[in-house]
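Student: Okay, handing you the structure first.
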Amino acid sequence: MTDQPDPGETTTATAPAATARVLLTLAHPALERSRANRALAKAAKGLAGVTFHDLYETYPDFAIDIETEQATLVAHGVVALQFPLYWYSTPALLKEWFDLVWLHGFAYGLDGNALAGKRLFVACTTGGAAKAYHAHGYNRFSMDDFLRPLEQTAYLCGMVWETPFVVHGAALKDDAELKAEAGRYRARIASLLTAPADAELGA
Ligand SMILES: Cc1cc2nc3c(=O)[nH]c(=O)nc-3n(C[C@H](O)[C@H](O)[C@H](O)COP(=O)(O)O)c2cc1C
């Protein structure tokens, strides 16, 4: 046990924005079997200004290098997270990355303002169809509801929450549909690169 306070107990000060480069952090435990995330990543990773970071490839043993990850976060203005929805949440390594890297005194807390002013962007694929993510659908809640923990994490850390990019019914999409989604995704990432710097301060 550590003596770190619960994130919910503290507030975060704001700091100047960093440079507007996108850190595209991909978390997929079996990318070789992926269709959707592979197509999305392929479309976005070649963009100038995008740093591609495959978490499962970098840390197959979950031994996350905390200092390197924190330095990488600091060096980017936009933190983009791309993952398949697993049990209404993130894959395990992405959660571990938050638990180990987004620490008190770094990401939140009185002196924890390293991420303040940056933008957090989530791109997520789901097996369930869009109509399932509805009060009257079999998943009963909206995607916004399931992404609320990430949205609140952004808020706690003084970050700007970007509208998420979601691909529903990923398994049922044919190659042409996935290609169209990948094109939309590339355009969205490109728009994050070109947005005015003051957007990173939430102005
Ligand atoms: C362990 C596991 C849990 C999953 N949980 C969900 C879920 O909660 N909701 C959902 O819509 N799809 C769920 N799926 C389906 C995946 O989200 C879907 O297969 C993935 O987004 C497709 O992307 P890919 O082609 O990149 O793998 C789950 C799949 C696995 C393997």
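The values are calculated or read from the model by the stated rules, or taken from the named source; none is laboratory data. What you see is a predicted model; the values in this text were computed from it and never measured. Cβ atoms come from the backbone with ideal geometry, glycine included; neighbour counts cover every protein chain shown. Heavy atoms of the whole protein, side chains included, go into the accessibility calculation; ligands, DNA and RNA do not. Shrake-Rupley method; radii C 1.70, N 1.55, O 1.52, S 1.80 Å.
Student: Based solely on its DSSP helices, what 222 nm [θ] is calculated for the chain when runs of n ≥ 4 H residues each add -39,500 (n - 2.57) and the sum is averaged over all residues, nearest 500 deg cm²/dmol? Provide the component values of the computation, followed by the final result.
Tutor: On the way: 7 runs with 66 residues, N = 203.
After summing the helix terms and dividing by residue count, I get -9500 deg cm²/dmol.
Student: Let me ask something else. Can you give the charge dipole size of the chain about its Cα centre, rounded to the nearest 20 debye, using +1 on the beta carbon of Lys and Arg and -1 on the beta carbon of Asp and Glu? List each step's numbers first, then the result.
Tutor: Working: 17 positive and 23 negative charges, 206 e Å.
Using Cβ point charges on Lys, Arg, Asp and Glu, the chain gives about 1000 debye.
Student: Residues of the chain: accessible area per residue at 1.4 Å, in Å²? Write out the running numbers ahead of the final one.
Tutor: Working: 10320 Å² over 203 residues.
Value returned for the chain: 51 Å² of accessible area per residue.
Student: What pairs in 95/173; 45/131; 131/173; 118/173; 95/118 have C-alpha atoms more than 24 Å from each other?
Tutor: 95/173; 45/131; 118/173
Student: On the protein heavy atoms, probe 1.4 angstrom, tell me the percent of accessible surface of the chain carried by carbon and sulfur. Mind dumping the intermediate values first?
Tutor: Working: 5800 of 10320 Å².
So the carbon and sulfur contribution to the accessible surface is 56 percent.
Student: Expressed as a rounded percentage, what relative contact order does the chain have, with Cα pairs under 8 Å and six or more residues apart?
Tutor: 29 percent
Student: Here's something else I'd like to know. May I ask you to compute the full-extension gain from residue 190 to residue 51, defined as 0.36 nm times their residue separation minus their alpha-carbon distance, rounded to one decimal in nm?
Tutor: 48.8 nm
Student: With labels modelled as points extended 7 Å from the Cα through the Cβ direction, what inter-label distance (nm, one decimal) is found for residue 30 paired with residue 74?
Tutor: Label-label distance for residue 30 and residue 74, simple model: 3.9 nm.
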